[in-house]
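What follows is calculated from the coordinates using simple rules that are stated; it is not laboratory data. In this text the structure is predicted, and so the values were computed from the model without any measurement. Reconstructed Cβ throughout: ideal geometry from the backbone, glycine too, with neighbour counts over all protein chains shown.
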Amino acid sequence: MKVEEIIYEIKSRYKDIVVRETWGETSFFYNPGNRLPNGVYFTTIKEKDGENDSSSNLNRPNVFRVSIGVGKDKYVSLFGEKPARPAKGKIVELDYDFTELNRLFPHPVYAWMGWVCILSPSKESFDNILPLIDIAYSLATKKAK
């Protein structure tokens, strides 16, 4: 899938969201009536490496990372206990190839917060992660109250 297709799918599926694009990242926030300064973010799409996060080697052609805040319970059911928070500019200490395409794995920086990700998902893989985005959206709606 292309980034634009994923953005369209998310914007079409969820209500009361705000989409922000900055520094090669598209962030999706739940923010009904724009009550909050930004809202509660639940999913992001990152298209390029940053100063504190180059673990996925996103500077490759057509490579991007979809990140999803699934929360502790879902994270643990998928991957086991959450790792410790990494030091600034570092990644979590887990045995994953964070550059692998089209595979769901813990987020290289934010796994400790209950985030997961997938690089450049196929349509089938994106359809498979939609229930995770549903969970993240639901969690965001609860946090915003």
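Using the Cα atoms as the points, what is the convex hull volume per residue of the chain in Å³?
108 Å³
Where a Cα-Cα gap under 12 Å defines reach, which aspartates and glutamates qualify for residue 123, not counting those fewer than 8 residues away within the same chain?
Partners within reach: 5, 9.
Taking 0.36 nm per residue of sequence separation and subtracting the Cα-Cα distance, how much length would be gained by fully extending the chain between residue 5 and residue 81, in nm to one decimal?
Working: separation 76, 0.36 × 76 = 27.36 nm, distance 3.25 nm.
Gain on extension, residue 5 to residue 81, equals 24.1 nm.
What FRET efficiency do you get for residue 142 and residue 21 if R0 is 25 Å and r is their Cβ-Cβ distance, rounded to the nearest 0.05?
Details: r = 26 Å, r/R0 = 1.02.
So, using R0 = 25 Å, E works out to roughly 0.45.
From the backbone phi of the stretch 24-34, what are the Karplus-calculated ³J(HN,Hα) couplings (6.51 cos²θ - 1.76 cosθ + 1.60, θ = phi - 60°) in whole Hz, Gly and Pro given as x?
So the Karplus estimates, Gly and Pro as x, are x, 9, 10, 10, 10, 10, 7, 7, x, x, 6 Hz.
For each pair in 15/142; 48/90; 48/143, compute the distance between the two Cα atoms and list the pairs where it is over 22 Å.
On the way: 15/142 14 Å; 48/90 17 Å; 48/143 28 Å.
With Cα atoms farther than 22 Å apart: 48/143.
Quick one: if you stick a label point 7 Å off each Cα along the C-beta vector at residue 88 and residue 113, how many nm between them?
With each label placed 7 Å out from Cα toward Cβ, I get 1.5 nm.
Dividing the convex hull volume of the alpha carbon atoms of the stretch 28-80 by its residue count, what do you get in Å³ per residue?
126 Å³
At 18 angstrom or more along the helix axis (alpha-carbon based) and mean Kyte-Doolittle of -0.5 or higher, what helices does the chain contain? Whole DSSP H runs only.
Span-like helices here: 123-143.
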